[in-house]
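The values are calculated or read from the model by the stated rules, or taken from the named source; none is laboratory data. These numbers were taken from a predicted model, which means no experiment stands behind them. When we count neighbours, we look across all protein chains shown, and the Cβ atoms used for this are built from the backbone with ideal geometry, even at glycine. Only protein heavy atoms, including side chains, enter the accessible area calculation; ligands, DNA and RNA are left aside. Shrake-Rupley method; radii C 1.70, N 1.55, O 1.52, S 1.80 Å.
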Amino acid sequence: MSAPPGAGKTVLMSGWADQRARAGDEVAWVSLDEGDDEPDRFWSGVLQAVGGSRSPSPPSPASELGPVVALESLTGDAPTPTWLFLDDLHEVADPRVLRGLDTLVRRPPRGLQLVVASRRDPPFAWHRLRLDGRLHEIRSSDLAFDRAAVVHVLAEHDVVLDPADVDLVLARTEGWAAGVRLAAMALTGVTDVHAAVARFAGDDHSVADYLTAEVLARMAPRPRAVLEVCAVPERLPSGLAPVLTGDPAAELVLDGLCRDNALLRRSTAADGGFHLHPLLRGHLVARLRLGDPVAHREAHRRAAEWFRERGAPVPAVIHAAQAGDDRQTVRLLAACGPALLATGRSAELRTLVRTAPVPVQEHPTVRLLDALVDDGATDAPPGPPLVPRPRDGRAASRVEEPVDGVVHEPIALLAALGRAHREPALAAPALAASAGPARDRADDVGLLLHLERGQVGYRSGQLDLAEQEFTAAAAIARRAANGHALVRASAGLAAAAGQRGRYRDAWTRADETLHCAHRFGLLGSTAVQFAVVIAARCARERLDPAAARGLTEVVVRRGVAEHPALRETAARLRAVLDVDAGGSPADAARWLQQGWTGSGDRTGVSSSAVDLAYHQHRYAWMAGRPTWAYAALVEVDRQGGPGGEAATLHALDNLHRGRRDAARRTVAPVLDGRTACRALPTRQLAWLVEALVASHAGQPARSHAAVLEALVLAEESGALRPFLDVPGIADLLIEDAGRFGQLEHLVERVRTAATTRGDRAPLALTPAELALLPDLPSQLTLQEIAARHQVSVNTVKTHVRSIYAKLGATSRREALVAARRCGLL
């Protein structure tokens, strides 16, 4: 066993010895100390432990075979094996003793099993035993406590911690037995254990005393001095130690400490180097900071420069701040901020900014970077407001030296684009100011400019610009192998295609986003979750409700509370799918109506607003709430003004109210191209309105031609859901079965969905029918109902027949049941 002090070697060996003794084996135990570092005394102790009164005289030091011969005489003829346990062998350094032990290891007597515990590997020929399969090695990693063992030790001291605090104790101690025991002792009887766990570190007095006595006191001055300075950086890659210490042989010194198991080991990280135990590191840093603050700051300054030269901005910023070099900290933040944002490490940037000293936080460039994290389209959730705090009691003084304008100006442009995310009125000036710099740069700043311009273009409805910028960003990200940016750009292209209503293209883009995210290990990013929602909407439009529901639930299960826009989009789609599956349209309409709350003025009606208004309008009519439907029209007119989307929605409203001529007049400019549409399915809906009006007017050829036009657009867009959502269209498709030529495969999918799932939209009741509906549950005759409404009996009969037909009923009782099921009563 070779492990640091306090690793539990003696405890494990004593338990092993007891186990062998209970099994009937002979057990010999020798605890070594400095006094045993002499051949006669050492071998006398060993022979006495093995043979007791039968022990022969100590072997001659000149004979390496002497110990083997002497032990052979004691163990060779024994009926049971003899186990010799040598504890603390690191106390022995005499070459004569070690040569004898090496001989004993290579040529053990019959019946002897040797167990050695030491803080460092003894200089024996272990390699031969490994090859022969006669060596069992137990290292510090084997002795380290796991989580369950840590909990057990704490419980022995009546300390109960929550899981997060247990994890923190495990991280601080790394399972080192002495560290865990010291932590348990420090937490015993403490009232606020959470705060005590947070405070427990290498500067705890009990930990400091143990480390000083058992680790540091045994080191020579030079290794101790090297280790103290090298403890300053949390990560010590290869090549940094000589820079910190000024000693070219520093890494050789550290290698020696690794062999001595001085709570230091070679790092398994890609950049090599060394890993110092957290408790020992904390103790050494505290000693240096208090004992020699100038050397402490100098070590941080050298570390900052070393990491900066090697393109490691995060540790460079941390060390520059710890060194008290505020100007260098600002320069490093300004230089590395865009790279961190472009690679999806915005949370790291926020931490760097908000743990920086007051003068750094107050610098204009740093404030812009902090604003970027919250305003930009990053995966990091918005953080708390910037509240600067002085560090180490140092008085705050403003950093007057400005950052190079070449660095500051692009950050200011990015911040302006970030503000435009929340304030659409700022979109035009932000886009104009950033156009030239985005075109001229292909670095991280240029990549961010393209991504942010694409996002602003998308949110302001400038879809051509959005697609152009996202395409440029994807090209830069692909060349740089920047997976985070590539996923964002791909998701942006999917969103733009979805906003155009090109669901076939959006589905392909969303699929590409997911494959890209899987390749780079980014499936949990916000951009990917938006792509999943886009795919879910595409699945609904393609008449695949199971896929739509499954994809939506994936996003909901992952938890989208940190991103309001994603949460709102997923919840809205979920509500739509609930109605498709037979849920209450009244509840959905009421909930969707709340989506308009707080919406500000826009430069144009967005696809999101149209989608919200369309579903609210549809569900309001399904629930028999004409006033709610009218409210959706008012919102579209207020936010977007005249346009193809607003005109088509007004035409659908006229259709529901029985104003077919008005519906045809309203939709005519959309059909002949005089009124432009933002999304392809809008023209599709317009043709469906024309088809219904023509069918009711006894114009079957015109109706069929209008349905064909809608099918052509559906073939291009991938949107089949409108054929089910618009009442009466599915019946037209069934009536004209076999007359759609090459588009028959689309018609068949719609017909199958309408007949097998029964999720086609019911025909909405007109306002006059809705006014008459509440009288049906009464015992009033048709004549009495006509008198109450001051219309003729024939009018009442017409309305009742229409109500029965739309509700699929043949009697007043069936009509009432259907009306209650739909939420109309």
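Tally the residues that are on the phi < 0 side of the Ramachandran plot and either in contact (Cβ under 8 Å) with a residue 60 or more places away in the chain or open to solvent by 30 Å² or more (accessible area, probe 1.4 Å) (or both), restricting the search to the range 250-274.
13
Could you look through the range 737-755, keep only residues that are charged (D, E, K, R) and free of Cβ contacts under 8 Å to residues at least 12 places away in the same chain, and pick out the one that is least open to solvent (accessible area, probe 1.4 Å)?
E744
If you scan the range 91-104, which residues turn out to be surrounded by fewer than 19 Cβ atoms within 10 Å (Cβ to Cβ) and either free of Cβ contacts under 8 Å to residues at least 12 places away in the same chain or not charged (D, E, K, R) (or both)?
Selection gives A93, P95, L98, T103.
Would you be able to say whether some residue in the range 763-779 is crowded, with 17+ Cβ neighbours inside 10 Å, without any contact (Cβ under 8 Å) to a residue 40 or more places away in the chain and among the small types (G, A, S)?
The answer is no, given that none of the residues of the range 763-779 is crowded, with 17+ Cβ neighbours inside 10 Å, without any contact (Cβ under 8 Å) to a residue 40 or more places away in the chain and among the small types (G, A, S).
Output the residue which, of all residues in the range 50-90 that are at pLDDT below 70 and crowded, with 16+ Cβ neighbours inside 10 Å, is nearest to Q19 (Cα to Cα).
Across the range 50-90, the extreme among qualifying residues is S55.
Write out, first by first residue and then by second, each pair whose Cβ atoms fall under 8 Å of each other, whose residues are 6+ apart or on separate chains, and whose first residue, in the range 206-231, is in contact (Cβ under 8 Å) with a residue 40 or more places away in the chain while the second is small (G, A, S) and outside any helix (DSSP H, G or I).
From the range 206-231, the pairs are V207/A201; A208/G202; Y210/G6; L211/G202; E214/G6; V215/A262; M219/A262; L227/A262.
Take the residues in the range 246-265 that are in contact with an Asp or Glu (Cβ under 9 Å, 6 or more places away or on another chain) and not in a loop (DSSP other than H, G, I, E, B), then tell me which one is modelled with the highest pLDDT.
For the range 246-265, the residue satisfying everything is V253.
Do the conditions hold for A125, that is, is it free of Cβ contacts under 8 Å to residues at least 60 places away in the same chain, open to solvent by less than 70 Å² (accessible area, probe 1.4 Å) and touching a Gly at 6+ places or on another chain (Cβ under 9 Å)?
So A125 fails the test.
Just give me the residues in the range 355-370 being open to solvent by 10 Å² or more (accessible area, probe 1.4 Å) and under 23 Å from W306 (Cα atoms), in sequence order.
Selection gives T355 alone.
Please determine whether any residue of the range 277-288 is free of Cβ contacts under 8 Å to residues at least 24 places away in the same chain and either open to solvent by 20 Å² or more (accessible area, probe 1.4 Å) or in a loop (DSSP other than H, G, I, E, B) (or both). So that I can check it myself, show each step before the final result.
Filtering the range 277-288 for residues free of Cβ contacts under 8 Å to residues at least 24 places away in the same chain gives none.
For the range 277-288, residues free of Cβ contacts under 8 Å to residues at least 24 places away in the same chain and either open to solvent by 20 Å² or more (accessible area, probe 1.4 Å) or in a loop (DSSP other than H, G, I, E, B) (or both): absent.
Test of understanding: among R287, R302, R235, which residue is among the charged types (D, E, K, R) and either within 30 Å of L447 (Cβ to Cβ) or in the same structural domain as D121 (by the TED database) (or both)?
R235
With the requirement that a residue be in a loop (DSSP other than H, G, I, E, B) and farther than 19 Å from L143 by Cβ, what does the range 114-127 give you?
Of everything in the range 114-127, those that are in a loop (DSSP other than H, G, I, E, B) and farther than 19 Å from L143 by Cβ turn out to be P123, F124, A125.
Looking at the range 8-30 only, could you name the residues that are in a helix (DSSP H, G or I) and open to solvent by less than 20 Å² (accessible area, probe 1.4 Å)? Step through it out loud before you land on a result.
Taking the range 8-30 as the starting set, the residues that turn out to be in a helix (DSSP H, G or I) are 9-22.
The answer is K9, M13, A17.
Given the options L711, L720, L688, name the one that is surrounded by 21 or more Cβ atoms within 10 Å (Cβ to Cβ) and touching a residue at least 60 places away in the same chain (Cβ under 8 Å).
Going through L711, L720, L688 in turn, the sole match is L720.
With (1) open to solvent by 60 Å² or more (accessible area, probe 1.4 Å); (2) closer than 18 Å to P237 by Cβ as the list, and P315 as the residue in question, which single condition is left unmet?
(1)
Residues of the range 38-49 being touching an Asp or Glu at 6+ places or on another chain (Cβ under 8 Å) and either closer than 18 Å to G111 by Cα or crowded, with 16+ Cβ neighbours inside 10 Å (or both), which ones?
P39, F42, G45
What are the residues in the range 647-660 that are without any contact (Cβ under 8 Å) to a residue 60 or more places away in the chain and either buried (at least 23 other Cβ atoms within 10 Å of the Cβ) or in contact with a helix residue (DSSP H, G or I) (Cβ under 8 Å, 6 or more places away or on another chain) (or both), if any?
Narrowing the range 647-660 to residues without any contact (Cβ under 8 Å) to a residue 60 or more places away in the chain: 647-651, 653-655, 659-660.
Hits for the range 647-660 are A647, T648, L649, H650, A651, D653, N654, L655, R660.
Quick test for you: out of A730, A737, pick the one residue that is under 18 Å from L652 (Cβ atoms) and at pLDDT below 90.
A730
Could you say whether any residue in the range 205-213 is aliphatic (A, V, I, L, M) and under 23 Å from P315 (Cβ atoms)? Write out each step before concluding.
At the first step, the residues of the range 205-213 found to be aliphatic (A, V, I, L, M) are 207-208, 211, 213.
Those still in the list that are under 23 Å from P315 (Cβ atoms) too: none.
No, every residue in the range 205-213 fails to be aliphatic (A, V, I, L, M) and under 23 Å from P315 (Cβ atoms).
Any residue at all in the range 418-441 that's surrounded by 22 or more Cβ atoms within 10 Å (Cβ to Cβ) and under 24 Å from the mean Cα position of the chain (by Cα)?
Within the range 418-441, one or more residues are surrounded by 22 or more Cβ atoms within 10 Å (Cβ to Cβ) and under 24 Å from the mean Cα position of the chain (by Cα).
Listed residues D672, D661, D731, D725; which is closer than 20 Å to G498 by Cβ and among the acidic types (D, E)?
On the way: D672 fails: closer than 20 Å to G498 by Cβ; D661 fails: closer than 20 Å to G498 by Cβ; D731 fails: closer than 20 Å to G498 by Cβ.
Residue meeting the stated conditions: D725.
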